[in-house]
1. Checking the structure you have, find out if any residue of the stretch 38-46 is at pLDDT 90 or above and in contact with a helix residue (DSSP H, G or I) (Cβ under 7 Å, 6 or more places away or on another chain).
2. Counting just the residues of the stretch 6-27 that are at pLDDT below 90 and not in a helix (DSSP H, G or I), which one comes out farthest from residue 54 (Cα to Cα)?
3. Those residues that are within 15 Å of residue 15 (Cβ to Cβ) and either in a strand (DSSP E or B) or of a type outside the set (Val, Ile, Thr) (or both), I need them from the stretch 40-55; list them, please.
4. Quick one: count up the residues across the stretch 9-35 that are more than 18 Å from residue 57 (Cα to Cα), surrounded by 15 or more Cβ atoms within 10 Å (Cβ to Cβ) and in contact with a strand residue (DSSP E or B) (Cβ under 8 Å, 6 or more places away or on another chain).
Amino acid sequence: MKKSYSVEKTFSGMRIDRWIRNIIKKIPQSLIEKNLRKGKIKLNGKKVKSSYKIKNDDEILLPGLIINNKNFMSK
């Protein structure tokens, strides 16, 4: 399942890992970091580091993340 998000103006300048934590509640930071390192989470079609500062209208693609209320697994 692919989820694509567009960054709103209010989140401009926020780190991508922090933005993901705001959008997907209760996801471990380690899972975010792992998926960013492996390139599963993409920003405008490219792999980015967790410290990347997002900008207005950036497209963030979160493919392959299975998110349940209790379990967080990566495909």
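The values are calculated or read from the model by the stated rules, or taken from the named source; none is laboratory data. Just so it is clear, the model here is predicted, and its values are computed rather than measured. Glycine also receives a Cβ, built like all others from the backbone with ideal geometry; neighbour counts cover every protein chain displayed.
1. Step one: of the stretch 38-46, the residues at pLDDT 90 or above are 38-46.
Pick out the ones that are also in contact with a helix residue (DSSP H, G or I) (Cβ under 7 Å, 6 or more places away or on another chain) and you get 41, 43.
Scanning the stretch 38-46 turns up at least one residue that is at pLDDT 90 or above and in contact with a helix residue (DSSP H, G or I) (Cβ under 7 Å, 6 or more places away or on another chain).
2. 26
3. 43, 49, 50, 51, 52, 53, 55
4. Residues flagged as more than 18 Å from residue 57 (Cα to Cα), surrounded by 15 or more Cβ atoms within 10 Å (Cβ to Cβ) and in contact with a strand residue (DSSP E or B) (Cβ under 8 Å, 6 or more places away or on another chain) within the stretch 9-35 amount to 4.
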